[in-house]
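These notes concern the structure reproduced below.
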Amino acid sequence: MMKFIRVDMTTLSSTTTDVPEKYAGLGGRALTSNFVNDEVKASCHPLGRNNKLIIAPGLLSGTSAPNSGRISVGAKSPLTGTIKESNSGGSSSQMLAKMGIKALVIEGMPKGDKFYIIKVAMDGVTIEEAPEKILNGCGNYDAIKILNEKYGDHVGMALAGPAGEYRMPSANISFKDPDGNMRSAGRGGLGAVLGSKKVKGIVIDPTGAGNVPIADPEAFQAASKVFAKALLDHPVAGQGLAAYGTDVLVNILNEAGGLPAHNFTAGRIDHNDNISGETMNATISERGGEGKVSHGCHKGCIIRCSQWYADKQGKYITSGFEYETIWGLGADAGIKSLDAIAYIDRAMDDVGVDSIETAVAVATAMEGGLIPWGDGEAVLKIVKGIAKGEPLSRIIAGGTAIVGKVCGLYRVPVVKDQGIPAYDPRAVKGIGLTYATTTMGADHTAGYCISGNILKVGADLDPLKKDGQIEYARAMQIGTAAVDSTGMCLFVYFGIADNPAGYQALIDMINAQYGISLTSADVDELGKSVLKVELEFNRKAGFTNLDDRLPEFMEYEPIAPHNVVWDFTPEEIDEVMKF
Amino acid sequence: MKITVRLFATFRENREKESTIETAPGTKVEDVVRTFNIPPEDVAIIMINGRGKTLKDVLSEGDVLALFPPVGGG
Ligand code: SF4
């Protein structure tokens, strides 16, 4: 029987029970979003005592299924005020699943200023004062080292960085990866929720954990093999992502004229090859040393889109160096050196802020005159200043919407106060529908319409035309909500989008593990049900269809080179979430 | 007529990333692809002047042709 753990930070105590029946068949996002909708007062202040944070492995996490080690974190978001699910790699998902833990809930709020570590082990949960050394500005890299010394290298961790301690709306939660670096549940400020509950970190000690029970091991193995083959045989999932990382998109979006530049005033840049995936690959290869072209964010990832980016001496600077971060700093904020961006990426991981929100906020601040355009050194200093709570740093860590207000701008690229990432909705219409309508605030991963619009995987739509986009954005959001519930990395989509056998194998693995017989129609229903509870929460929190709109400037400022504006009508946008 | 050809990702291995070539009117994308010794079936994304196209599309003077193998991210 799986366990359901609740930690009450008001009384500094915990209870472990069987999983409530309603949640028994759920995992990942399906579980976190149902829980938040059931238990969190929708009108609560996200940093007040009535918010709750839930961490849950996916349905397949902890098994031998490839790429199944993503972990979901849910709460009401301090950035958007909506429901939030943010997922991450790292080792914690597999550990929790193997320990038989369905979910860990953190609720309440202690009196006083002390920060705590929640330690989860096979023999129970303990709540201890956080070591002084990891507080008051200590970065995540050092904090992981210090906690490794205290609890052992083998433990998993989820940490609030300094930004989380200060409850900044862009604070992330950092999950330790197998190499002692980190991956982040980035979006929506969930690190601030952890910080508000005075939880500096969660330490997971899997010593004594067994294997995840599998109802039909043979069927599971067989399906897992088909699934792995589908991933490895696909040129994107099997080779492309490992070679160039997600940063390969710089040149594609630049060619397509959908790479937002200079705070969303152009769709193309000239220095694309300074920051492209091709250049990243060549730089890592040439420099050698600790650099690695491909790397997995958790054990069992066979796609390995991550990498270790090293300096000229071959010393590790950062890992998980993603397209969206590089786009934000490199194209939107005009920082032309990949090294400069790498140091900022490291600093963002270290202080614990979402690298997308921060990069978009930085570009907005440049337009507002707070930072010189393209000045990587200035940005690095400001990001590092988040650890000390410096005023300008706090403004940036407040997120794009706050920066826009502080600077008196109308050109503020947000939906529901969350920064718009990396793909201009005017030039790639499908993704604009996702940004507008997702329950999460602007989020490309909620329904990755770039796939069929630009990459020609899974569909073939004209990115400048409306045709088919509404249905596509709806289907992608439904499918994503289901995949986010399995613990699978979203990139498995590339392997199964055009391969029905691969998709069936994913369903077969779930069936073999739980001894059930889901069909693809059931999986579709699961996705729909997740979106429905999220929409219900947002409605209760005061959101209406009028919040499902892109920033107005996109309707009247055409973007070059295609000189297009955002032209979906409100009625058309509202069709997306009708199902 | 002159066109510019841009290659990306693995297509750059042992090839120039950008070149301007002289070609006859009526040249199709697949003709250019062959000139570069790229098997047409390896081309996943084709853009002319930033718009998605196919192997059968015909090029015009001054066009910028971009060719990508299957790549993706997110
Ligand atoms: S493909 Fe990338 S994001 Fe997905 S599990 Fe692997 S390393 Fe993590």
Give the residue that is farthest from A:L329 (Cα to Cα), with candidates limited to residues of region A:270-285 that are crowded, with 20+ Cβ neighbours inside 10 Å and either away from chain B (no Cβ under 13 Å) or modelled with pLDDT under 95 (or both). A:I284
Pick from B:I46, B:I38: which is within 10 Å of chain A (Cβ to nearest Cβ), closer than 24 Å to A:G458 by Cβ and among the β-branched types (V, I, T)? B:I46
Find the residue count for region A:241-253, including only residues that are facing another protein chain (nearest Cβ under 9 Å) and open to solvent by 10 Å² or more (accessible area, probe 1.4 Å). 2
Go through region A:306-342 and count every residue that is more than 17 Å from B:G73 (Cβ to Cβ) and open to solvent by 10 Å² or more (accessible area, probe 1.4 Å). 11
Which of the residues belonging to region A:231-240 are more than 7 Å from chain B (Cβ to nearest Cβ) and within 14 Å of the ligand (Cβ to nearest atom)? A:L231, A:L232, A:H234, A:A237, A:G238, A:Q239
As an exercise: evaluate B:E13 against (1) within 12 Å of chain A (Cβ to nearest Cβ); (2) at pLDDT 95 or above and give the number of the one condition it does not meet. (2)
With the structure loaded, tell me whether B:E18 is closer than 30 Å to A:F321 by Cα, within 13 Å of chain A (Cβ to nearest Cβ) and within 11 Å of the chain's Cα centre (by Cα) or whether it fails that test. yes
Given the criterion surrounded by fewer than 22 Cβ atoms within 10 Å (Cβ to Cβ), away from chain B (no Cβ under 14 Å) and part of a helix (DSSP H, G or I), identify the matching residue among A:V212, A:V226, A:V193. A:V226
Name every residue in region A:67-85 that is within 16 Å of the ligand (Cβ to nearest atom) and open to solvent by less than 10 Å² (accessible area, probe 1.4 Å), in order of residue number. A:N67, A:S68, A:G69, A:I71, A:S72, A:V73
Given the structure, is A:E390 more than 19 Å from A:H271 (Cβ to Cβ), away from the ligand (no atom under 16 Å from the Cβ) and surrounded by fewer than 20 Cβ atoms within 10 Å (Cβ to Cβ)? yes
If A:M99 satisfies all but one of (1) open to solvent by less than 30 Å² (accessible area, probe 1.4 Å); (2) within 13 Å of A:S14 (Cβ to Cβ); (3) out of contact with any helix residue (DSSP H, G or I) (no Cβ under 9 Å at 6 or more places or on another chain), what's the number of the condition it fails? (2)
Test for A:G385: is it open to solvent by less than 20 Å² (accessible area, probe 1.4 Å) and under 30 Å from A:L60 (Cβ atoms): no
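The values are calculated or read from the model by the stated rules, or taken from the named source; none is laboratory data. Predicted, not measured: the structure shown is a model, and the values here were computed from it. Cβ atoms come from the backbone with ideal geometry, glycine included; neighbour counts cover every protein chain shown. Note: accessible area is taken over every heavy atom of the protein model, side chains too, but ligands, DNA and RNA are not part of it. Shrake-Rupley method; radii C 1.70, N 1.55, O 1.52, S 1.80 Å.
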